[in-house]
Structure formats: C-alpha cells, structure tokens
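Student: After the structure tokens below, expect a handful of questions from me.
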Amino acid sequence: MKIISLILFLLSGFILVSQNIKEYRGSVYTCFVAPNYSKLPPIKPGYVAEISIGEKLNGEKQWHKYYNYPAFYISVFAGYPGNKEYGYFFSINPQFLFTKPINNKLNFDIKTGLSIAYHTNIYNVTDNNTNMLVGSHLTAIANIEAGINYEFRKNNFIGLSVGALHFSNGHYKLPNIGMNLPAANIYYKYRIGENKILDNNEKDLINSDWNYFAFIAVGMHEYGSSTKPVNGPKYRIYDLGFGLTKQTNLIHKFSIGFNFLNYGSFRKFIIDQELNIENPFMKSSVFTIFGAHEFMFGKFGLYTELGLDIYKPFYRYFVTIYGDKFGAKDILKSINSNKLGLRYRIIDTENLKSVIGINLKVNLAQADFVEIFYSFEF
C-alpha cells in the first residue's frame, strides 16, 4: 500500500502547473457516517476541516478551455467522523474545481478529488472490533461536492455545498466495507489577481484514429468478503489485456477490449480445500470484455471502465459451495466488474504512447483489488 500511495502522489504531481491567478479556500464540514452495515457504533455528528491552495487555470494549456478553465487545488483535510472507534483522518488531496457562472456575483461549482488518507483508529479484533469500515491505516479518499458561492466583495467569495467523502483500501486489507461521509460545508474563498484568459491558438494535434493497446498489471488483495476473514495473507492477481482505443479530442478517450485475470487466492483455495475441480488455474481465472472512457488533463487521466464477465467460474461456484442461494445481487456480481483509475503518459508520440497507473477493480460496487499497470498504444 505504501508503494501504491507513492505512485498516486507522483501521478497527481504531474498536473501541477504554473499560473498567475491564485486562490485560497477554507472549508468547515459537518458530516455523519452512513449506516452501510448493521453492526456499527452509534451515528453521531462528525466534522471535517479543509484548507486549499490553488490556481485558476487560464488557457496556458490547450485542454483548459475544454473544462471551462477550472481551478486546481492542493487541499489538506483533517476530520473526525463522529465516534472514537473511527479516530481521526488526515489527507493531502489534489482537487479540481469546476465553476459555472449564474450571474456576475453568483456561481455554481463542483469540486472533486482522489488521493490517500491516513486513519488513526482502525479495526482491531481485541479493542476496536466494531469499526468494520476501515481495516488499514492507509485508504483511498474520494470526494465530490456541489454548491453555490457569492462574491460579496471583489475577489472574496462565501459558499455553501453538499457532497460526500468515501474511504476504501480496495480490499487490500480486511475488513473493508468502506466509510461514506455525507457532508455539508460552508467555505470562504479568496482570489489574488484578475481572471485573464490566454488566447491559445494552437491546433488540437491529436491522432483520432483507432489504435491498438496492450497492458499488463499486478494486483493485491486479501481473500474473503468485505468483513471476513481478517488478518489473512495477501494474494496477487495478474491481469493482461488487449483492445482498441480512440481519442476524440483533447479531453475524451474511449476504449474497447478484453482482459484475462488469474487470482492466486482462488487457486490456493481450490487446492488447499481439495475441491473436486479440474484445472485450478483456469477455474481461478476471469475473462472480461469491457468499454472504457478517460477524462484527460494533459498527460494525466481519470479512467473509468465497465466490464462484462464472460467467464467467472470460481465466483459463481463459491457462492453456492456452502448451500447459499444465488440471489439477484450475486448474479450481478458474477457478470459485472468495473475499474476506476489514474494514469500518466510517460511517452506520448503520434505512433507510440506508454502509460503507467493504478486501478481499483470492483465487482458491481464491491471492492475486489488494487492493481498497478503498464500499458502501451501503437
């Protein structure tokens, strides 16, 4: 997880740019832990503080105009989810703020980011066994909020917004139900400088043809459900894929393809439990076809993938191995898998693109594993 954290911060650092319009923002949130598990501590009000330093992007890069010249922040979060069992969390988080003017004083905005958080109190079987949401000190943190702000004095803004924060370690360490914090906040923003848009007359130089891509990835997780068994060993997952990709403009990229995964945890379970299953390697594998989209920010990208699992024998067998019913939710998990990821192009020429990144893989909406990958396009 420490290696994954380092890669995530390096990726986010590549989008730092030098602009001349500075923004400073301070926020105070009130929140609560969403009751997504029946055996949790009582729900109590929680609090989060955020301090952000950023810059209003002004067209220095071509892609700025496609997002209506957003602001980029580095934000520091500190929060208390409302119960001593959850302790405190801290995070340094890159954020994008997208603004749509309503009139000359009032604006609508959306702010979102993805990074790593540190939690002081995590699950412990002896003295903190009710915190089934967070099983590791390090988790991913994703946040999104929408609201309005009012410029009550030149370059001074006051705003209100609502949204949510989500924490998960991607099934790397159990338990990992994940913590969701619906939140409302009030914030103050101060801007230094005038919002002068640069006239970038460069042409959008992109290759809009369909190109081939191939990737290799290595993932890691604990074997089990979101709540058990805890303190188990970590297992590797190997992921290979191939397909076609097409960039339609400076900020949108689409892909279709297939991938082949093999789970070390599934294979070990089949062998150790002496299940009457032939060819453990193939029965612990998954074959998926998928479609994907990438929001691009220069060389940096936010990747989302929707997959259809054509071959997933172990999951379908395991659900019924102890006599459990194969319900509607299990059926959906057996045919759907998705990914959310961050990526950075280390080589970006017309004929070859080389990409590194990190993905969170989920079955329907349940975390499965975290993987590090390398991809190239040709």
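The values are calculated or read from the model by the stated rules, or taken from the named source; none is laboratory data. What you see is a predicted model, and the numbers here were worked out from it, not measured in a lab. For neighbour counting, all protein chains shown are included, and Cβ atoms are generated from backbone atoms with ideal geometry for every residue, glycine included.
Student: In a strand (DSSP E or B) and surrounded by fewer than 17 Cβ atoms within 10 Å (Cβ to Cβ): is that true of I358 in this structure? Explain how you work it out, then say what you get.
Tutor: Details: in a strand (DSSP E or B): yes; surrounded by fewer than 17 Cβ atoms within 10 Å (Cβ to Cβ): no.
So I358 does not fit the description; no.
Student: Okay, moving on. Given G54, G79, which one is in the same structural domain as A164 (by TED's automatic domain parsing), in a strand (DSSP E or B) and at pLDDT 95 or above? If you could, list the steps in order and put the result at the bottom.
Tutor: Numbers: G54 fails: at pLDDT 95 or above.
Answer to the check: G79.
Student: Okay, moving on. Would you check which residues across region 82-122 are under 15 Å from A142 (Cα atoms) and not hydrophobic (A, V, I, L, M, F, W, C) and list them? Show your work before the answer.
Tutor: We begin by selecting, within region 82-122, every residue under 15 Å from A142 (Cα atoms); these are 89-97, 110-119.
Across region 82-122, the qualifying residues are S91, N93, P94, Q95, K111, T112, G113, S115, Y118, H119.
Student: Residue check: is F281 over 20 Å from K228 (Cα atoms), in contact (Cβ under 8 Å) with a residue 24 or more places away in the chain and of a type outside the set (A, V, I, L, M)? It would help to see each step written out before you state the result.
Tutor: On the way: over 20 Å from K228 (Cα atoms): yes; in contact (Cβ under 8 Å) with a residue 24 or more places away in the chain: no; of a type outside the set (A, V, I, L, M): yes.
Against the criterion (over 20 Å from K228 (Cα atoms), in contact (Cβ under 8 Å) with a residue 24 or more places away in the chain and of a type outside the set (A, V, I, L, M)), F281 does not qualify.
Student: Return yes or no: is L240 under 30 Å from S208 (Cβ atoms) and not assigned by TED's automatic domain parsing to the domain that holds G59? Quick ask: steps written out before the conclusion?
Tutor: Working: under 30 Å from S208 (Cβ atoms): yes; not assigned by TED's automatic domain parsing to the domain that holds G59: yes.
It is true that L240 is under 30 Å from S208 (Cβ atoms) and not assigned by TED's automatic domain parsing to the domain that holds G59.
Student: Out of all the residues in region 329-355, which are among the aliphatic types (A, V, I, L, M), under 23 Å from Y235 (Cα atoms) and in a strand (DSSP E or B)? Before the answer, list the steps.
Tutor: Of the residues in region 329-355, the ones among the aliphatic types (A, V, I, L, M) are 331-332, 335, 340, 342, 346-347, 352, 355.
Okay, now just the ones that are also under 23 Å from Y235 (Cα atoms), so 335, 340, 342.
L340, L342 - these are the residues of region 329-355 that are among the aliphatic types (A, V, I, L, M), under 23 Å from Y235 (Cα atoms) and in a strand (DSSP E or B).
Student: If you check I277 against the conditions, is it aliphatic (A, V, I, L, M), in contact with a helix residue (DSSP H, G or I) (Cβ under 6 Å, 6 or more places away or on another chain) and surrounded by fewer than 19 Cβ atoms within 10 Å (Cβ to Cβ)?
Tutor: On the way: aliphatic (A, V, I, L, M): yes; in contact with a helix residue (DSSP H, G or I) (Cβ under 6 Å, 6 or more places away or on another chain): yes; surrounded by fewer than 19 Cβ atoms within 10 Å (Cβ to Cβ): yes.
Taking the combined requirement at face value, the residue satisfies it.
Student: Residues of region 134-150 being among the small types (G, A, S) and surrounded by fewer than 24 Cβ atoms within 10 Å (Cβ to Cβ), which ones? So that I can check it myself, show each step before the final result.
Tutor: Taking region 134-150 first, the residues among the small types (G, A, S) are 135-136, 140, 142, 146-147.
The answer is S136, A142, A146, G147.
Student: Can you spot a residue in region 295-313 that is farther than 21 Å from G113 by Cα, at pLDDT 90 or above, aromatic (F, W, Y) and not in a loop (DSSP other than H, G, I, E, B)?
Tutor: There is at least one residue in region 295-313 that is farther than 21 Å from G113 by Cα, at pLDDT 90 or above, aromatic (F, W, Y) and not in a loop (DSSP other than H, G, I, E, B).
Student: Would you confirm whether or not region 244-256 contains a residue that is at positive phi, of a type in the set (G, A, S) and out of contact with any helix residue (DSSP H, G or I) (no Cβ under 8 Å at 6 or more places or on another chain)?
Tutor: No, region 244-256 contains no residue that is at positive phi, of a type in the set (G, A, S) and out of contact with any helix residue (DSSP H, G or I) (no Cβ under 8 Å at 6 or more places or on another chain).
Student: So how many residues does region 151-166 have that are surrounded by fewer than 23 Cβ atoms within 10 Å (Cβ to Cβ) and under 30 Å from V125 (Cα atoms)? It would help to see each step written out before you state the result.
Tutor: Applying the first criterion (surrounded by fewer than 23 Cβ atoms within 10 Å (Cβ to Cβ)) to region 151-166 yields 151-164, 166.
Narrowing the set further to residues that are under 30 Å from V125 (Cα atoms) leaves 164, 166.
So the count comes out to 2.
Student: I'm trying to understand the selection: among the residues of region 148-201, which are under 25 Å from I21 (Cβ atoms), among the polar types (S, T, N, Q) and under 29 Å from the mean Cα position of the chain (by Cα)? Can you show your working first?
Tutor: As a first pass, look at region 148-201 and keep what is under 25 Å from I21 (Cβ atoms): 148-161, 163, 185-201.
Narrowing further to those that are among the polar types (S, T, N, Q): 149, 155-156, 161, 185, 195, 200-201.
Matches in region 148-201: N149, S161, N185.
Student: Looking at N276 and the list (1) in a helix (DSSP H, G or I); (2) without any contact (Cβ under 8 Å) to a residue 24 or more places away in the chain, which single condition is not satisfied?
Tutor: Answer for N276: the failing condition is (1).
Student: Filter region 28-43 down to the residues that are in contact with a Pro (Cβ under 8 Å, 6 or more places away or on another chain) and either part of a loop (DSSP other than H, G, I, E, B) or of a type outside the set (V, I, T) (or both) and list them by number. Before the answer, list the steps.
Tutor: At the first step, the residues of region 28-43 found to be in contact with a Pro (Cβ under 8 Å, 6 or more places away or on another chain) are 30-34, 43.
The answer is C31, F32, V33, A34, I43.
Student: Continuing with the same structure: Consider Y303 against the criteria (1) crowded, with 19+ Cβ neighbours inside 10 Å; (2) among the hydroxyl-bearing types (S, T, Y); (3) under 15 Å from D239 (Cα atoms): it satisfies all of them except one. Which criterion is unmet?
Tutor: Here Y303 meets the rest and fails (3).
Student: Oh, and also: Filter region 28-85 for residues that are within 15 Å of P182 (Cβ to Cβ), exposed (fewer than 14 other Cβ atoms within 10 Å of the Cβ) and among the β-branched types (V, I, T) and give the result.
Tutor: The one that is within 15 Å of P182 (Cβ to Cβ), exposed (fewer than 14 other Cβ atoms within 10 Å of the Cβ) and among the β-branched types (V, I, T): I43.
Student: What are the pairs with Cβ atoms under 6 angstrom where one residue, in region 205-220, is within 15 Å of F378 (Cα to Cα) and the other, located anywhere, is in a strand (DSSP E or B) and polar (S, T, N, Q)? Sequence gap at least six, or different chains.
Tutor: I206/Q247; N211/T245; F213/T245; F213/S375; F215/S375
Student: Grab the strands (runs of 3 or more DSSP E) fully contained in region 142-245, keeping just those with 3 or more residues being under 24 Å from P94 (Cα atoms) and at pLDDT 95 or above. Spell out how you get there, then give the answer.
Tutor: Details: elements: 156-168, 179-192, 211-222.
So the answer is 156-168, 179-192.
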